[in-house]
Structure formats: C-alpha cells, structure tokens
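Below is one structure, written out as structure tokens; comments come after it.
The values are calculated or read from the model by the stated rules, or taken from the named source; none is laboratory data. Since we're looking at a predicted model, the values are computed, not measured. No Cβ is skipped: glycine too gets one built from the backbone with ideal geometry, and neighbour counts run over all protein chains shown.
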Protein chains: 4
Amino acid sequence: MVEHTIQIRVRYPEVDAMGYLHHSRHLQYFEMGRVELLRSQGYAYTELEKNGFFFVVVKVEVRYRAPARYDEVLDLTTRIVRQTAVRIDHTYELKREGLVLAEGATTIACVDKSGQLCEIPSELTSES
Amino acid sequence: MVEHTIQIRVRYPEVDAMGYLHHSRHLQYFEMGRVELLRSQGYAYTELEKNGFFFVVVKVEVRYRAPARYDEVLDLTTRIVRQTAVRIDHTYELKREGLVLAEGATTIACVDKSGQLCEIPSELTSES
Amino acid sequence: MVEHTIQIRVRYPEVDAMGYLHHSRHLQYFEMGRVELLRSQGYAYTELEKNGFFFVVVKVEVRYRAPARYDEVLDLTTRIVRQTAVRIDHTYELKREGLVLAEGATTIACVDKSGQLCEIPSELTSES
Amino acid sequence: MVEHTIQIRVRYPEVDAMGYLHHSRHLQYFEMGRVELLRSQGYAYTELEKNGFFFVVVKVEVRYRAPARYDEVLDLTTRIVRQTAVRIDHTYELKREGLVLAEGATTIACVDKSGQLCEIPSELTSES
C-alpha cells in the first residue's frame, strides 16, 4: 500500500480561541499529506498543474478524537486506498506521540483547466 | 425542523490558485451557519462560552458538487437533524442561485472548559 | 475624498488562542474594504480581473491599538488618499463602537496577467 | 545581532487566485520566524504563555518586492533590532534562492493575561 508520513508543527493562527487546532485546518493538513505522498513518489503537484491536470476534492470525512494544540508536532500518515481512472481515495491518520487525534478520508478527482473530469495521467496510475 | 439560511460572500484569500473556494473553507462556513442558527433562536455562542459551555466538532462529512468562486454570494442553509443530551447533528446545503455547490453534515459535542463532555444547557435543548 | 465603511463580524477561526483577532486578519479585512469601496463606485474587482487588470499589494503598515474578539461587529472605513497612473494609496480605520482598534495604510499597484506594472483603467482614475 | 533563518514551503490554501502567496500570509510567516528565533535561543513561546506572558503585535510594516508561489521553499531571516523593557522590534527578510521577495518590521509588546503591558521576563532580556 502506498503511504507516506510527514510531520507538521501547529501554527499560532491555526489555533482557535479554545486553544485547539481549528477543525477546518485538518483538511489543509490532509492536502499537505497528499502533496508530500505524491512528491515521495517522484511527482510535484505543481508540475501536474503546469501540464493541465488538477485534482479537486469531491468528498471528505473526518472524525476528531482529541484536540491538537499550538506548537505541537504532529505525525500525519496519508494512504492511497483506492484508485480509478479519474479518482483517488486517500485515508489519513493524525497522531501526537502515537495518540490518534483525527482520522479522515477523501476522494479527489482529476479535472482539466475547465473543471471537466479527465483521466489521471498514466505515469501516476502505474505508480500505485 | 429548526433551520436557518445565511448569505456569505466569498473572500479573496479563501479562494485557491484554481480560483475555487478552498474545500477547507466550507467547514468555516458551516460553523458560521451553526452560530447564526443559534443566534436566530436567541442565543449567542459567546454567551455559552462565558458560561463554560463549548461545542467541539467530532465528525464532519462534505460532498462537493460544484466550485464556488471569488466574490460570489452563496446561500447556506443549516438544519438541526438530531439532538441528544450532549450532541447535536447538523446538515448543510451551500447553494448559488439555487444550484447546490456542497452538502455537509457535522456532529458537535458539548464540553466544559477542560474539554470533558457535558450536558447541553437545558434552555438550548428545550428549544429545538 | 473617496471613502466607504463596511461592517465585519469577527469569525471563530480568525481569532487566536488569546481570543484576539489574529493580526494577519486585519490585512484581509482591509482587502475587503478596498473591494467594497470599489463596488460602491460601481466596479466589481472580478470584472477588472476578467479584463486583465490585477492589483497587488506592494506596501502595508498597520498599528494595532486594541484587540478585537470573536463575534464582535466592527466598522472598517477605507479611504483613497493618493492615486497615480499605476498606484493607489488607501488608509483604513477599524473601530468597535467608535473605539479605534487599528489603523492601516496600503499601496497597491496595477499589474497585468504576467505581473508587469500597467496603467490603472481610465474609468477608475477619472472616478476619484 | 540575534538572528535566525528558517525555511517555509508555501501551502496551497495560502495562495490566492493569482497564484501568489496572499499578502496577509507574510505576517503569519513572520510570526513563525519570531517563534523559531526564540526557540533557537532555548525558549518556547508556549512556556512563556503558561507563565502568563504574551506578546501582542502593536505595529507592522511590509514591503512586497516579488510574489511567492505555491510549493516554493522560502528562506525567512528574522532579526532582533531593538529591545526595551516591554517591547521588541524585529525585522524580516523573505527570500527565494537569494532573491528578496519581501521585507518587514514589527514591534511586539509583552502583556499579561488581562492584556496589560508588563515587563519582558528577565531571562529573555539578558539573552539578546
């Protein structure tokens, strides 16, 4: 299974008035996880965009188990769990020292510049 | 059924390089929907917090149907679909001129200042 | 003098762990002020962009006098104080019930799609 | 002179519809620069907060020279240029491969939990 783990330090403006990482920020972290997983396979998302391929998020699910706080260093593991000609499903685990803080799943779809669904470039699909 | 609709204009830094409202922003809009639904019932979330009651998001689901763009005025309808002693389930519809752009569902839980689950204040539960 | 005032309600994720509006958010509010001042003059920034004119910020200054907090409704007054063929200087006053919370000044420059300086469209310059 | 350089990779939602790092993000990067400069001296900002000392930004100035784009890795150098009993002045240089993208200056002030000005803890002032 294709997977990749990155570390992310929680930034001050990402934390809300309760002192917790705002729940919308998890989606931004997941996106970073996808980009770095792609990079670990030898691809830059910016190159895909230059070649006219974009990925849009069509579905997300997140379960929040415990809060993250400012300045904590978190481990995010991103996995590809399913892939079709036009879509990729990822799952995510966000942990702090082994404790699961959040679990997520997303479906992204490949679109062209006009936003129309298109096939994922073949070099990526042969990858996984 | 308790429901409330607000209008939100998409801001420039909320839009990504594709020109689309970033998918993490929908969760921030949903939060605004919950706060304004509460206000429409006569309660301010800030007052709840002063009284030691906080709501944390424990689960979210979003399906993205079509992109929103900078400066568009969107309609967000927030509904309470289920409520227990400690949790509230909301659903959301984000539309532009009648076209559904995204649908969402969240579960929020009532916690005290230390983050422990606690009962939702009775004036709110008798409300819905 | 061309000026325009808007109201902005502080959102939850805009507030940091101290409970204060994060100081970076003021620049986003100022941008909203510029956009709405332009709209009050009959122009949509999105239209300018469609016509190939963009405004980039080349300089900002902010003095923070007092904190703003979650859910407060603030008044932002935006003024055009100077305009050349390619640049516009604005000033800003952010207030809560008459109390000045922050004062700012920006210089924006007109650029084309490639990022090169270009003349501000004449309908805008004859405006102020 | 006390100075510290960090690397920051530009994230997707930090970039606006022009494809440029949004100008408000620079202030968030500068804050990261201050925090990491402090850490390089052996102090954690979170510890200061636990001890009742907070730093609020009272003044910022930024000059934007050139745009930064998604996924670029930038170098941010943060310097302490002046310090009084209650205030610290920092300057910043944000570069990409030696090219200056932005220069900034901030004044931060030490406050207690109630937001009142207070003296910077002595271990920090003896530091610089």
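Before moving on, here are some points about what is shown:
- Of all residues in the stretch A:54-100, those that are away from chain B (no Cβ under 14 Å), of a type in the set (A, V, I, L, M) and not in a strand (DSSP E or B) total 2.
- Qualifying residue in the stretch C:58-78 (condition: buried (at least 18 other Cβ atoms within 10 Å of the Cβ), aliphatic (A, V, I, L, M) and at pLDDT below 95): no
- Just one of the numbered conditions (1) in contact (Cβ under 8 Å) with a residue 12 or more places away in the chain; (2) out of contact with any Leu (no Cβ under 8 Å at 6 or more places or on another chain); (3) not aromatic (Phe, Trp, Tyr) is not true of A:Gln116: (1).
- The set of residues from the stretch A:4-53 being assigned to a strand (DSSP E or B), surrounded by 20 or more Cβ atoms within 10 Å (Cβ to Cβ) and either facing chain B (nearest Cβ under 9 Å) or touching a helix residue (DSSP H, G or I) at 6+ places or on another chain (Cβ under 8 Å) (or both) comprises A:Ile8, A:Tyr20, A:Leu21.
- Residues satisfying the stated conditions in the stretch C:18-62, i.e. of a type in the set (D, E, K, R), touching a residue at least 24 places away in the same chain (Cβ under 8 Å) and farther than 21 Å from D:Gln28 by Cβ: C:Glu36
- Here B:Gly98 fulfils each of the conditions (1) touching a residue at least 40 places away in the same chain (Cβ under 8 Å); (2) at positive phi apart from (1).
- Leading residue by the ranking (surrounded by the fewest Cβ atoms within 10 Å (Cβ to Cβ)) among those in the stretch B:84-106 that are touching a strand residue (DSSP E or B) at 6+ places or on another chain (Cβ under 7 Å) and farther than 19 Å from B:Thr5 by Cα: B:Val86
- Of the residues screened, C:Leu124 is one that is modelled with pLDDT under 95, among the aliphatic types (A, V, I, L, M) and not in a loop (DSSP other than H, G, I, E, B).
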